[in-house]
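Participant: Let me begin by handing over the structure; questions about it come next.
The values are calculated or read from the model by the stated rules, or taken from the named source; none is laboratory data. It should be emphasised that the depicted structure is a prediction, and the values quoted were computed from it without experimental measurement. Note that we place each Cβ from the backbone using ideal geometry, even for glycine, and neighbour counts take in every protein chain shown. Heavy atoms of the whole protein, side chains included, go into the accessibility calculation; ligands, DNA and RNA do not. Shrake-Rupley method; radii C 1.70, N 1.55, O 1.52, S 1.80 Å.
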Amino acid sequence: MKINKLVLLLSILFPISLLSQVQLTGVVKNSIEPIEFSNVVVTDTQNNIVSGTITDSNGNFNLIINKGNYRLNISFLGFVNWTKEIYLTENFDFGTIILKEDNNALAEVVIIAKKPLIEQKDDRIVFNVADNSFAKGKNALKTIGLAPMVWVSSKGDISINGRGGVGIVVNGKLLSNDISKSYLSSLRSEDIESIEIIPDPPAEYEAQSQSGIINIILKKNIQNGLNGSINASYSQQKYASYNSGGSLNYKTGNWLWYGSYNYSQNKDFFDRKVETFYEPDNNVRLTNFQSIERSFSNSYRFGFDYDMNSKHKIGVEYYTSNLNFDEAIDNEAKSITNNVLEEIVKGEYPGNLDKLKQQSTLNYKWEIDSLGRSLTFISDYLIYSRDRKSDYFDAIYDENNTFLNLNTSRGIVNSDINVFTSKIDYTQPNKKGSIQGGLKFSDADLENQNIHTILLNGFYEIDPQKTTAYQFNEKVSAAYLKVTSKIKEIDVQLGVRGEYTQNKLESISEKNYFSVFPSVFVRHYINKEKNTSLGYYYGRKISRPSYNLMSPYEYLIDKYTVFRGNEDLKPQFNNTFSLTYYIGNKYSFRSYYSYVKDVFNIVEFRSLKDTNINVETTENIGESYSYGFHSNNTIKIAKWWNTNTGLGVNYTKILSYDKSFETGKFYYYINNRSFINLPLKIDCIVNSRYISPMSDGIYEFGRLTLVLLSVPYTSLTLHKTT
């Protein structure tokens, strides 16, 4: 019985028909370089087409057909057709096939088929960067800011539809949060083919990415020879910021070598006012926080891609960045009880931060056959060191603004992070869709030392309450399966992902948990000609607390406030449902509902040891319910003026488990981008954004209004063909 089962299994995995198939390969070139997109067609003795394909960027083709007599035909516009009779009994490699120019062809025929700037697909919006004049000369971070539904703040924080914490993927590699901003600053728009905005990521992406994914696809068809660019940019808000750099590619044969350098100098100003009310003692604390931050960074990226043959490709990349950050903080805090001013503290907090980031990546791809089956492997190792020094000078005044005392302290934080990640993905297309599956493992280690000292009698003495050292480790093992299919006018995508998490913080017992994350996308085409459709989505995601939220140490914010980690913090889980109506690539209207369990948010309370000190920490406060609507519209107002507008409204209600805290508030937002072609080939972009007052847990935020104007960056491009 066991033998019969084995025979049945083998007959499923290795059909008899495969035994009669052979592989046909070769490379198509002109007298100098490979010819991409040349037509390769195999016909039988009756001139019926048996199989066909087109050559890749290196001129390679790969066909699998049954044994027999055939004719191989290769053609490309402007060249004489190449034909050869063949009899196949085994795998055969034609080697290099040279096409000759057709002298009788037209002098030049140019057919240009540009992709639309924005494409709407089942689970994502595609922003085609290649040949987009507005993106030229920018780095990837600035280019992302042009995409629909995306906003990039002055500090480089990225949000999709107002949700922060967006994951960044470049050519299949998920960037660590610690390096994503600097890495994107080193990547040039000229190297980018397209940017995919994925508000609800499918199963192949980490379940942690509940705010969405931005997937950057780099260009594959780099020209032979030496290619490079030099660029510089300048931006002006309250203060000026500068950015300059260059990139260089050298392609010869099956090798592509590349490198880039980027330098940036930024200066930012931040102003924050906070009112904190304490009951029942009728105490109010007014805090006015102002900060001027200046940073200098250098980043380098270099590597190579090697096409071993038409099926196997390998690449290695090294990236490093160092950043020096200085800040000058002025903080004024007033304590008021029963409407009577009691004390004023004026603080000056100068600080310095040094960051060094290094990442090495290995990637491999096996294109198994011409039917589209493929296997990819990516592994990377990140080293991140962070050293911060901050001084705290608090001048204390009485209610009459008379100086009383000066408190001086100093904080030094040293962190070292090592993250190892590996993943493997397999894709198998079929007539109606595809099957995709994969495995991933990540291992993150953190060592942190926090030293806090107080100036007493002319000497800095250690404050044992705020001085700590700890280690943290987190491992995540994941597997996923995704199936796509087409049933008449309905596209279906079903996915499931399982993740097993292990984290260990010092002497605290290890926390292990396994979670399953299903996802469903359904798109029903109502009118194919007008490209109108309805999209349905359900997905479950997770948000794990970061190590700095769990680390058991106190970090001084000001004289009255400290932040303390919570080692008992649990992850929060989010279930989202949405319905979207699409009208071509121009309009989409999305309504959604989400429920979040074990919401963690910042809470604040009086210290039991010192009632003058407020402690901020993060706790799982309860659950939240969100309802919302978002629309995205792309409109061509004139031949020289295109706009993309996103607007939405949201209502979120947070309810604590003990029923002691409940908040609910509407907010709305509008993002608009105008792409304007001015005379003299000058392209201008106007970004405008408005966010109404909103709340997040215990905090309420005022409205935000921004209008930014940008013009082309200086860019110099070189190309030398070999």
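Participant: Could you look through the range 485-518, keep only residues that are closer than 21 Å to ASN574 by Cα and among the β-branched types (Val, Ile, Thr), and pick out the one that is least open to solvent (accessible area, probe 1.4 Å)?
Facilitator: THR501
Participant: Any residue in the range 399-412 that is buried (at least 18 other Cβ atoms within 10 Å of the Cβ), of a type in the set (Asp, Glu) and more than 29 Å from PHE459 (Cβ to Cβ)?
Facilitator: Taking every residue of the range 399-412 in turn, none turns out to be buried (at least 18 other Cβ atoms within 10 Å of the Cβ), of a type in the set (Asp, Glu) and more than 29 Å from PHE459 (Cβ to Cβ).
Participant: Does any residue in the range 539-564 that is more than 24 Å from LYS475 (Cα to Cα) come within less than 9 Å, Cβ to Cβ, of a residue that is assigned to a loop (DSSP other than H, G, I, E, B) and open to solvent by less than 30 Å² (accessible area, probe 1.4 Å) six or more places away or on a different chain, and which pairs are these?
Facilitator: GLU554/GLY565; TYR555/GLY565; VAL562/SER607
Participant: Pull up the range 77-89, narrow it to residues that are at pLDDT 85 or above and not in a strand (DSSP E or B), then point me to the one that is most open to solvent (accessible area, probe 1.4 Å).
Facilitator: ASN81
Participant: Among (1) surrounded by fewer than 20 Cβ atoms within 10 Å (Cβ to Cβ); (2) within 30 Å of ASN30 (Cβ to Cβ); (3) modelled with pLDDT under 80, there is one condition TYR234 misses while meeting the rest; what is its number?
Facilitator: (2)
Participant: Separate question: Being modelled with pLDDT under 85, open to solvent by 70 Å² or more (accessible area, probe 1.4 Å) and either outside any strand (DSSP E or B) or under 27 Å from ASN548 (Cβ atoms) (or both) narrows it down to one of LYS659, LYS636, so name that one.
Facilitator: Selected residue: LYS659, the only one of LYS659, LYS636 that is modelled with pLDDT under 85, open to solvent by 70 Å² or more (accessible area, probe 1.4 Å) and either outside any strand (DSSP E or B) or under 27 Å from ASN548 (Cβ atoms) (or both).
Participant: How many residues are more than 21 Å from LYS238 (Cβ to Cβ), open to solvent by less than 20 Å² (accessible area, probe 1.4 Å) and polar (S, T, N, Q) when one looks only at the range 281-319?
Facilitator: 2
Participant: Provide a single number: the residues in the range 190-217 that are in a strand (DSSP E or B) and open to solvent by less than 30 Å² (accessible area, probe 1.4 Å).
Facilitator: Residues that pass the stated criteria total 10.
Participant: Assess whether SER594 counts as being among the small types (Gly, Ala, Ser), open to solvent by less than 40 Å² (accessible area, probe 1.4 Å), over 21 Å from ASN620 (Cβ atoms) and within 28 Å of the chain's Cα centre (by Cα).
Facilitator: Taking the combined requirement at face value, the residue does not satisfy it.
Participant: Out of ASN62, ASN48, ASN58, ASN30, I need the residue that is polar (S, T, N, Q), open to solvent by less than 40 Å² (accessible area, probe 1.4 Å) and at pLDDT below 80. Which one?
Facilitator: Only one candidate passes the filter, namely ASN58.
Participant: Can you say whether PHE521 is touching a Pro at 6+ places or on another chain (Cβ under 8 Å) and either surrounded by fewer than 19 Cβ atoms within 10 Å (Cβ to Cβ) or at pLDDT 85 or above (or both), as far as the supplied structure shows?
Facilitator: For PHE521, the condition - touching a Pro at 6+ places or on another chain (Cβ under 8 Å) and either surrounded by fewer than 19 Cβ atoms within 10 Å (Cβ to Cβ) or at pLDDT 85 or above (or both) - is met.
Participant: State which residue is modelled with the lowest pLDDT when the search covers only the range 543-588 and only residues that are in a loop (DSSP other than H, G, I, E, B), over 30 Å from ASN633 (Cβ atoms) and of a type in the set (D, E, K, R).
Facilitator: In this case the residue turns out to be LYS559.
Participant: Any residue in the range 620-632 that is in a strand (DSSP E or B), out of contact with any helix residue (DSSP H, G or I) (no Cβ under 7 Å at 6 or more places or on another chain) and over 22 Å from SER211 (Cβ atoms)?
Facilitator: No, every residue in the range 620-632 fails to be in a strand (DSSP E or B), out of contact with any helix residue (DSSP H, G or I) (no Cβ under 7 Å at 6 or more places or on another chain) and over 22 Å from SER211 (Cβ atoms).
Participant: Can I ask one more? Within the range 413-446, how many residues are at pLDDT below 90 and either out of contact with any strand residue (DSSP E or B) (no Cβ under 8 Å at 6 or more places or on another chain) or loosely packed, with under 15 Cβ neighbours inside 10 Å (or both)?
Facilitator: Matching residues across the range 413-446 total 4.
Participant: Separate question: Condition test on ILE670, is it surrounded by fewer than 15 Cβ atoms within 10 Å (Cβ to Cβ) and not in a loop (DSSP other than H, G, I, E, B)?
Facilitator: yes
Participant: So if I check each of ILE383, ILE378, ILE368, which one is touching a residue at least 60 places away in the same chain (Cβ under 8 Å) and among the aliphatic types (A, V, I, L, M)?
Facilitator: After ruling out the rest, the residue left standing is ILE378.
Participant: So, one more: Checking the condition under 25 Å from the mean Cα position of the chain (by Cα), of a type outside the set (Lys, Arg) and closer than 25 Å to SER434 by Cβ, which residue from PHE600, PHE514, PHE521 passes?
Facilitator: PHE521
Participant: In the set ASN548, ASN566, ASN527, which member is touching a Ser or Thr at 6+ places or on another chain (Cβ under 7 Å), more than 27 Å from ILE424 (Cα to Cα) and polar (S, T, N, Q)?
Facilitator: ASN566
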